[in-house]
Amino acid sequence: MICDLHIHTKHSCDSTAELEAYCVRAVETGVRVMCFTEHVDHNPNDDGLGFYNPGAFFSDFLPLKEKYQEQLTLLCGIEFAEPHLYREELSVLSKLPYDFILGSVHFWYRDMFASQLVKTGISVEVCYAHYWNAVLAAVRAGGFDSLAHIDFPKRYYGSLIIDQEKLHEICHAMVKNQICMEINTSSLRKNVDEPMPGKDILTIYRSCGGKHVTVGSDAHRPGELAVGSTQAGALIDYFGFEEVIFKQRKAQELLCN
């Protein structure tokens, strides 16, 4: 069963895609489960600040869920950035009928996005030193179901610096707070040779008791839907993880992959 639990549409500031275009693409390509996870951003320097409108999203989503109910399992969610910094805002949105909430870290040093850090010459060492601290704060705060693209800077720097001690702390906190690890395949579209994360971090997650993962393409256009799912599936098989989906914020194991 091909699932994609990380998809952006015109309800995210960085996409113009229609929700139904993804539905058509899913039917064509054999994707069975999709979750729309629109960006929710609160950093004042983020282009998405104030963009997301839950009412407008649900007005688009609910008719499609009914229309495609015989062909697709359509789920709704959000990708909430910096959950440790905006806990009250997350609490408010959590009361809406979402199936799934992704947590992510997009801003962590000098209030700059990852691409800005690269452009301004911030070294990869400085970047990761601050980034792992922010991720640790996010998973300790909790309030979300899966951690998106844990090694996010890799997509922009093209390299990874692993802090073993910090990553063990992060993964232990994820397990304690019942936060899944997302295998995010968008890096494969950015000339990186592995998903986010790859085997090194997944080995740490497994050693800390991590068992469950979600898979997401981080698509911003229909042609990116489920791209890289084969590579993600290979990692799941290699480590013996259980791939899960979420319905009404509760994890459900897939019976087949």
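The values are calculated or read from the model by the stated rules, or taken from the named source; none is laboratory data. Bear in mind the structure is a predicted one, so any value in this text is a computation, not a measurement. Here the Cβ positions follow ideal geometry from the backbone for every residue, glycine too, while neighbour counts run over all protein chains shown. Side chains included, ligands, DNA and RNA excluded: accessible areas come from the protein's heavy atoms. Shrake-Rupley method; radii C 1.70, N 1.55, O 1.52, S 1.80 Å.
Counting only residues that are in contact with a Phe, Trp or Tyr (Cβ under 8 Å, 6 or more places away or on another chain) and either at pLDDT below 95 or more than 16 Å from residue 90 (Cα to Cα) (or both), which one in region 39-49 is surrounded by the fewest Cβ atoms within 10 Å (Cβ to Cβ)?
Ranking the qualifying residues of region 39-49, first place goes to 45.
Based on what the data block shows, is residue 115 over 24 Å from residue 223 (Cα atoms) and hydroxyl-bearing (Ser, Thr, Tyr)?
No: the conditions fail for residue 115.
Kindly establish whether residue 128 is hydroxyl-bearing (Ser, Thr, Tyr), assigned to a helix (DSSP H, G or I) and open to solvent by less than 10 Å² (accessible area, probe 1.4 Å).
Here the answer is yes, as residue 128 does meet what is asked.
Just the residues that are assigned to a helix (DSSP H, G or I) and within 18 Å of residue 81 (Cβ to Cβ), please, taken from region 135-172.
135, 136, 137, 138, 139, 140, 141, 154, 155, 156, 170
Mind telling me which of the residues 19, 96, 75, 64 ends up being free of Cβ contacts under 8 Å to residues at least 60 places away in the same chain and within 20 Å of residue 146 (Cα to Cα)?
Sole residue among the options that is free of Cβ contacts under 8 Å to residues at least 60 places away in the same chain and within 20 Å of residue 146 (Cα to Cα): 96.
Which of the residues spanning region 39-49 are in contact (Cβ under 8 Å) with a residue 24 or more places away in the chain and either hydrophobic (A, V, I, L, M, F, W, C) or outside any loop (DSSP other than H, G, I, E, B) (or both)?
39, 40, 41, listed by residue number.
If you go through region 1-20 one residue at a time, how many are part of a loop (DSSP other than H, G, I, E, B) and either small (Gly, Ala, Ser) or farther than 25 Å from residue 81 by Cβ (or both)?
Total satisfying the criteria: 4.
For the condition modelled with pLDDT of 95 or more, open to solvent by 60 Å² or more (accessible area, probe 1.4 Å) and of a type in the set (Lys, Arg), what is the one hit in 211, 190?
Being modelled with pLDDT of 95 or more, open to solvent by 60 Å² or more (accessible area, probe 1.4 Å) and of a type in the set (Lys, Arg) holds for just one of 211, 190, which is 211.
Any chance you could count how many residues in region 93-120 are crowded, with 20+ Cβ neighbours inside 10 Å and of a type in the set (D, E, K, R)?
1
Just for region 77-92: of the residues that are touching a helix residue (DSSP H, G or I) at 6+ places or on another chain (Cβ under 6 Å) and in a loop (DSSP other than H, G, I, E, B), which one is least open to solvent (accessible area, probe 1.4 Å)?
Among residues in region 77-92 that are touching a helix residue (DSSP H, G or I) at 6+ places or on another chain (Cβ under 6 Å) and in a loop (DSSP other than H, G, I, E, B), the one least open to solvent (accessible area, probe 1.4 Å) is 83.
For residue 33, are the conditions met, namely being buried (at least 21 other Cβ atoms within 10 Å of the Cβ), under 20 Å from the mean Cα position of the chain (by Cα) and not acidic (Asp, Glu)?
It is false that residue 33 is buried (at least 21 other Cβ atoms within 10 Å of the Cβ), under 20 Å from the mean Cα position of the chain (by Cα) and not acidic (Asp, Glu).
Hey, among the residues in region 217-242 that are of a type in the set (A, V, I, L, M, F, W, C) and in a loop (DSSP other than H, G, I, E, B), which one's surrounded by the fewest Cβ atoms within 10 Å (Cβ to Cβ)?
Filtering first and then ranking leaves 227.
Yes/no per residue for (1) among the aromatic types (Phe, Trp, Tyr); (2) modelled with pLDDT under 95; (3) in a helix (DSSP H, G or I):
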position: 22; (1), (2), (3): yes, no, yes
position: 25; (1), (2), (3): no, no, yes
position: 34; (1), (2), (3): no, no, no
position: 37; (1), (2), (3): no, no, no
position: 51; (1), (2), (3): yes, no, no
position: 62; (1), (2), (3): no, no, yes
position: 75; (1), (2), (3): no, no, no
